[in-house]
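Trainee: Dropping a structure here in structure tokens format, bear with me for questions.
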Amino acid sequence: MSDLSLTGGIRLPEPSRGSRKTQVGSKQHFTGGIVFGEGHGVRHGLESHLEANCAMVLAYRPDTKEVIEQVRFEWFDEFGELHNHFIDFVAIRRDETVTGYAVRPIERAGQKYLIELARIKAQAISQGVLDDFRLFTEDDVCPVELFNARLFHSVRRPDCFGDLVAQDVVRSLKGVVRMGDLVEKTRLEGMGFRSLVRLIRSGHLKTLGYERISHDAMVFKAKEV
């Protein structure tokens, strides 16, 4: 029998770059993980459903360069005592500004917690660690933005055939057209739709209005493919 030769394979994502490990399982609340980034990507730990929504929204905003979870920051209280605060998410934007996010349901964001966040924010900004620090609650989850972010995430892997076809279709695009009409021009149905969504994600296509990306969305070419 000849030797079995294996080629190719799957490369696992890079481990989380957070300052602490998130819980793997809990009986009290949601836990999980998600992978963001090009290629094999980087793993991000999650400890609530709200954190999952926050991470998805932040990761797929057009101006986001990188998202890191559970970043340790050392701060001091009014008595000068030092404490560790783990910033739930830090978003680094393409203009290199850095914003931290504390993720917490509104009902758990009491006055004591908000005063503590304000102190942490002031110290983090004064030390040049952050440019801004914000509270992220369920009210900050836009249904349209979350839907589109989840769609971008679901089609993040390129298609060497479909993407070339979609690029050819968009290359000759003039004016504003219905997304479904572009899909028909690709003659690839679902594969064509996914490739066109990737062109929206890359900024080559844009939707005319702020809406969920669908076959009925009106789009136009924003830059050359």
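Trainee: To the nearest 20 Debye, how big is the dipole of the range 49-179 about its Cα centre, given +1 on the beta carbon of each Lys and Arg and -1 on that of each Asp and Glu?
Mentor: Details: 17 positive and 22 negative charges, 124 e Å.
Magnitude of the dipole: close to 600 debye.
Trainee: If you take every DSSP beta bridge whose two residues both sit in the chain, what share of them, in percent to the nearest 5, is antiparallel?
Mentor: Details: 26 of 32 bridges.
Close to 80 percent.
Trainee: Which cross-chain or sequence-distant (5 or more) residues have an amide H under 5 Å from the amide H of GLU66, H modelled 1.01 Å from N in plane?
Mentor: The answer is ILE92.
Trainee: Could you state the accessible area per residue of the chain in Å², with a 1.4 Å probe and every protein chain left in place? Present the calculation step by step, with values, prior to reporting the outcome.
Mentor: Details: 13650 Å² over 225 residues.
Per-residue value: 61 Å².
Trainee: Would you kindly derive the ³J(HN,Hα) couplings of the range 140-148 from the backbone phi angles with the Karplus curve 6.51 cos²θ - 1.76 cosθ + 1.60 (θ = phi - 60°), listing them in order in whole Hz, with x for Gly and Pro?
Mentor: 8, 8, 7, x, 5, 4, 5, 4, 5
Trainee: What is the dipole size for the range 59-122, taken about its Cα centre, with +1 at each Lys and Arg Cβ and -1 at each Asp and Glu Cβ, in debye to the nearest 20?
Mentor: Rounded to the nearest 20 debye, it is 220 debye.
Trainee: What does DSSP give for the range 86-162 in terms of the percent of beta bridges that are antiparallel, rounded to the nearest 5? Let's see the in-between values first.
Mentor: Working: 4 of 9 bridges.
Close to 45 percent.
Trainee: In addition: Once you've got the GNM for the chain with C-alpha springs shorter than 10 Å, pick whichever of ALA149, ALA118, ALA52 has the biggest mean-square fluctuation.
Mentor: Judging by the Gaussian network model, the answer is ALA118.
Trainee: For the range 76-85, just list the computed ³J(HN,Hα) in residue order, Karplus coefficients 6.51, -1.76 and 1.60, θ = phi - 60°, integers in Hz, with x standing in for Gly and Pro.
Mentor: So the Karplus estimates, Gly and Pro as x, are 10, 7, 5, 9, x, 7, 7, 9, 9, 10 Hz.
Trainee: Please identify every one of the GluC sites (Glu not before Pro) in the range 151-225 that sits in a loop by DSSP and has no more than 14 other beta carbons within 10 Å of its own beta carbon.
Mentor: GLU211, GLU224
Trainee: Something else now. For the range 182-225, run through the chymotrypsin sites (Phe, Trp or Tyr not before Pro) and keep only the ones in DSSP coil with at most 11 other Cβ atoms within 10 Å of their Cβ.
Mentor: On the way: sites: PHE193, TYR210, PHE220; in loops: TYR210.
Loop-located and lightly packed - TYR210.
Trainee: For the range 72-225, with all protein chains present and a 1.4 Å probe, just round the carbon and sulfur fraction of the accessible area to a whole percent.
Mentor: Details: 4690 of 8970 Å².
Here it works out to 52 percent.
Trainee: Follow-up. Running a GNM on the chain with Cα contacts under 10 Å, which residue among VAL24, VAL67, VAL183 ends up with the highest mean-square fluctuation?
Mentor: VAL24
Trainee: Let me ask something else about it. List every residue whose amide H lies under 5 Å from the amide H of ALA102, counting only residues 5 or more places away in sequence or on a different chain, with H placed 1.01 Å from N in the peptide plane.
Mentor: Result for ALA102 returns ARG134, LEU135, PHE136.
Trainee: Now for a different question. Sequence gap of 8 or more, or different chains, plus Cα separation below 20 Å: how many lysine pairs satisfy both in the chain?
Mentor: Value for the chain: 12.
Trainee: Another question, then. Can you give the charge dipole size of the chain about its Cα centre, rounded to the nearest 20 debye, using +1 on the beta carbon of Lys and Arg and -1 on the beta carbon of Asp and Glu? Let's see the in-between values first.
Mentor: Details: 32 positive and 32 negative charges, 124 e Å.
Dipole magnitude for the chain comes out near 600 debye.
Trainee: What do you get for the angle between helix 111-126 and the principal long axis of the chain? Use alpha-carbon atoms, 0 to 90 degrees, nearest ten.
Mentor: Roughly 80 degrees between the two axes.
The values are calculated or read from the model by the stated rules, or taken from the named source; none is laboratory data. A quick note: this is a predicted structure, and the numbers were derived from the prediction, not measured. Neighbour counts are summed over all protein chains in view; Cβ atoms, including those assigned to glycine, are modelled from backbone coordinates with ideal geometry. Note: areas computed on protein heavy atoms with side chains; ligands, DNA, RNA excluded. Shrake-Rupley method; radii C 1.70, N 1.55, O 1.52, S 1.80 Å.
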